[in-house]
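A short worksheet on the structure shown next.
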């Protein structure tokens, strides 16, 4: 059973991170992560998760050798995050390197469990690319579907006037004349604008009457 010092790890999930840092930033770190340096992440005796990340290609030269070494913990439930990173030089703000590690902890429950049990984490760190990809796919599913599924929103400002006339070539067959315009304007929409418009169901049925199959 995890000790009290590392119990805070169980609360690190995407709901917590979205509320603290915002979903766009969390998704960005899932999409564009940094690799870990040796030794693998671990939990120390005081319950801090300690990890080292590879530096970005444009990072200052002085950080290249050691990477970004971070430590993070929550002393008691409800307390703020206690953080440290070489980039902040004693500052108390939560930098992006600490945030990246927290995102990885949220993405991989098995890694959280291993750290809480103070077990080796190297094999679980190796699984992070797959876990990040799966988490990102789940979190962005609605966004990706929206690109393929037409919007249900309709153009409610379109007005259609209907006139029925006798066909000059066949008085037994009426002709339906539709005039489509935007509300508050006298300019008529052309055929392409009508086809591309997001018509209401009622208006769409009227337009369907002009198809040759209804002749």
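Nothing in this text is a laboratory measurement; each read-out follows from the coordinates by a stated rule. Note that the structure is predicted; figures quoted are calculated from it, not measured. So basically every Cβ, Gly included, is an ideal-geometry build from the backbone, and we count neighbours across all protein chains shown.
Here are the numbers for this structure:
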read-out: Proxy reagent accessibility, fewest Cβ within 10 Å first, across 147, 179, 132; value: 147, 179, 132
read-out: Size of segment 1-44 as Cα extents on the principal axes (Å, biggest first); value: 33, 28, 13
read-out: Normalised contact order of segment 69-139, rounded percent, pairs of Cα under 8 Å and 6 or more residues apart; value: 19 percent
read-out: Calculated FRET efficiency for the pair residue 23/residue 208, C-beta based, R₀ 35 Å, to 0.05; value: 0.30
read-out: Residues 96, 15 arranged by fewest to most Cβ contacts within 10 Å; value: 15, 96
read-out: Distance between modelled label sites at residue 69 and residue 122, nm, 7 Å Cα→Cβ extension; value: 1.9 nm
read-out: Footprinting exposure proxy for 188, 145, 199 (fewest neighbouring C-beta atoms within 10 Å first); value: 145, 188, 199
read-out: Whole-Å distance, taken between Cα centres, linking segment 90-147 and segment 1-48; value: 7 Å
